[in-house]
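Written below as structure tokens is the structure these notes are about.
The values are calculated or read from the model by the stated rules, or taken from the named source; none is laboratory data. Computed from a prediction, not measured in an experiment: that's the story for all the values here. For neighbour counting, all protein chains shown are included, and Cβ atoms are generated from backbone atoms with ideal geometry for every residue, glycine included. Ligands, DNA and RNA are excluded from the accessible area calculation, which covers all protein heavy atoms including side chains. Shrake-Rupley method; radii C 1.70, N 1.55, O 1.52, S 1.80 Å.
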Amino acid sequence: MSEEFDLVVIGGGSGGVRAARMSAQFGAKVAIVEEYRYGGTCVIRGCVPKKLFVLASRFNELFDIAPSFGWQVDAKFDWPTLLANKDREIDRLEKVYEKLLDGSGVTVFHDRAVLTGADTVALKSGKTLRAKHILVATGGTPFKPDIEGAELGITSNEAFHLETLPRTILVEGGGYIAVEFATIFAGLGVDTTLVYRRDKILRGFDHDLRDGLEEEMQARGIRFRYGYHIAKLRKDGGGVCVSFSHGEEATFDAVMFATGRHPNTSGIGLEEAGVELDQSGAIVVDEYSRSSVPSIYAVGDVTARAALTPVAIREGAAFAQTVFNHTPTVVPYDLIPTAVFSEPEIGTTGLPEHEAAERYHSIDVYVTRFRPMQNTLSDRQEKMMLKLITESTSGKVIGCHILGPGAGEMIQLLAIPMGMGATKADFDRTIAVHPTAAEELVTLKAPSYRIVDGEKTGV
């Protein structure tokens with residue numbers, strides 16, 4: 001038995017759902033297939049539950065400074081309550097996603113889909129779907145290294161469902177997920193260690209963000225082990241014994257791999273359908289998200305372009321505009337704002353200093369550091385950092401980097417004027433909102449330093 005559609009979407013995450021809904025609104029007959037839960041990684045086991053865990057972990061520090069504002073707090077954390085409330089919210093969001101699809105006229109399947117050709121999809125239930133266009137939006141999956149005992153470690157998927165909170169944990173990795181979960185666990189009272197084969201966390205980020213976050217994580221009791229990695233895991237009583245690549249061994253209650261994600265392309269018939277994959281297994285696409293097979297497209301993390309939920313959503317929308325609204329649309333990747341929900345938080349957009357210095361003859365760098373107002377009545381010495389990078393001649397703002405409370409919220413708004421080509425003079429004309437941290441962005445006067453042809457100078 002087969003059904004005919006204009007579009008079949010494989011994957012019910014943010015990118016696939018957006019593409020399906022918009023395509024249906026443009027008049028296409030659309031089906032979407034998801035084998036797990038609608039909402040995808042971000043909603044079910046990524047950004048949303050992670051942010052809920054982040055918020056939970058921050059109460060610890062708020063309770064610490066509460067006495068300086070006159071509050072006496074006697075607080076106790078209960079892990080099962082957080083898990084239950086998180087699950088209830090995820091269930092609610094999943095129902096919202098399905099309701100939105102149904103309301104758009106999309107046919108929804110709870111099934112596993114495998115490509116059997118350029119225009120056919122076979123479902124595990126036995127049904128065949130035929131379509132003029134197929135969109136693959138299957139996202140990514142956490143990576144575990146190929147080592148002995150790897151099954152004893154968890155990934156971000158399992159971290160959201162731990163029956164008990166470990167007393168000690170080792171997190172391997174140095175990117176978004178590693179630093180976010182390290183600060184989550186530390187904030188919830190877990191003795192936390194981070195191991196990373198390189199020499200500094202957050203490779204590719206601005207150096208002031210990398211240095212500043214590491215310093216503040218250390219101040220929260222998180223230990224860093226650089227320059228080596230996990231070589232083997234084995235059971236050790238109720239814990240996991242870790243053998244490191246340099247020979248040392250140590251035992252932890254839990255070990256978490258946060259060493260990246262791989263495109264989820266295995267076993268869905270891509271090779272058989274003739275779809276080209278790159279060395280990482282990602283689907284190779286053009287600027288309109290079309291694969292090497294003209295009828296098959298792909299959006300989101302499965303393409304390994306920019307593994308961020310808002311980018312996947314934008315790609316899904318651009319696909320629908322291009323294919324079903326006859327409006328060829330490409331996604332701009334040159335200015336993507338992003339946040340790292342660590343503690344303290346990071347917000348960043350545009351070029352980091354090292355890239356700006358390579359790309360431009362001369363740049364001006366403005367940096368300010370100060371104690372956030374919420375800490376000024378206590379003895380907490382944590383500093384907030386705001387940094388603007390401009391092209392010296394035109395004054396165009398080409399990078400903005402924030403470390404501290406509210407960084408993610410601020411960077412979203414800053415991305416708007418930066419996308420419009422705002423200059424430092426535009427920032428200077430803006431009246432400050434006082435007292436806020438963000439006002440520093442429009443009251444920075446003279447550059448902290450200038451970099452000309454890669455050489456740092458005074459101004």
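General observations
- Segment 369-389, residues that are under 26 Å from the mean Cα position of the chain (by Cα) and surrounded by 15 or more Cβ atoms within 10 Å (Cβ to Cβ): P372, E382, K383, M384, M385, L386, K387, L388, I389
- None of V255, V293 is open to solvent by less than 10 Å² (accessible area, probe 1.4 Å) and touching a residue at least 24 places away in the same chain (Cβ under 8 Å) except V255.
- If only residues of segment 440-459 that are among the aliphatic types (A, V, I, L, M) and assigned to a loop (DSSP other than H, G, I, E, B) are counted, the one that is farthest from L386 (Cα to Cα) is V459.
- Scanning segment 90-112 for residues being open to solvent by 40 Å² or more (accessible area, probe 1.4 Å), under 27 Å from the mean Cα position of the chain (by Cα) and either over 27 Å from K124 (Cα atoms) or of a type in the set (D, E) (or both) gives a total of 2.
- Out of I416, I402, I336, one residue alone is under 27 Å from the mean Cα position of the chain (by Cα), crowded, with 22+ Cβ neighbours inside 10 Å and of a type in the set (V, I, T). It is I402.
- Criterion: touching a helix residue (DSSP H, G or I) at 6+ places or on another chain (Cβ under 6 Å), part of a strand (DSSP E or B), small (G, A, S) and open to solvent by less than 10 Å² (accessible area, probe 1.4 Å) - qualifying residue of G347, G316: G347
- Condition broken by D87, with the remaining ones in (1) within 15 Å of H161 (Cα to Cα); (2) out of contact with any helix residue (DSSP H, G or I) (no Cβ under 9 Å at 6 or more places or on another chain); (3) open to solvent by 50 Å² or more (accessible area, probe 1.4 Å) satisfied: (2)
- Selection count, segment 127-177, where residues are part of a strand (DSSP E or B), at pLDDT below 95 and open to solvent by 50 Å² or more (accessible area, probe 1.4 Å): 1
- Filter result for the condition that a residue is free of Cβ contacts under 8 Å to residues at least 40 places away in the same chain, buried (at least 16 other Cβ atoms within 10 Å of the Cβ) and either β-branched (V, I, T) or out of contact with any Lys or Arg (no Cβ under 7 Å at 6 or more places or on another chain) (or both), over L82, L115: L82
- Every test in (1) in contact with a helix residue (DSSP H, G or I) (Cβ under 6 Å, 6 or more places away or on another chain); (2) part of a loop (DSSP other than H, G, I, E, B); (3) open to solvent by 20 Å² or more (accessible area, probe 1.4 Å) is passed by V330 save one, and that test is (1).
- Matching entry among V433, V397, V459 (being open to solvent by 30 Å² or more (accessible area, probe 1.4 Å), in contact (Cβ under 8 Å) with a residue 24 or more places away in the chain and among the hydrophobic types (A, V, I, L, M, F, W, C)): V459
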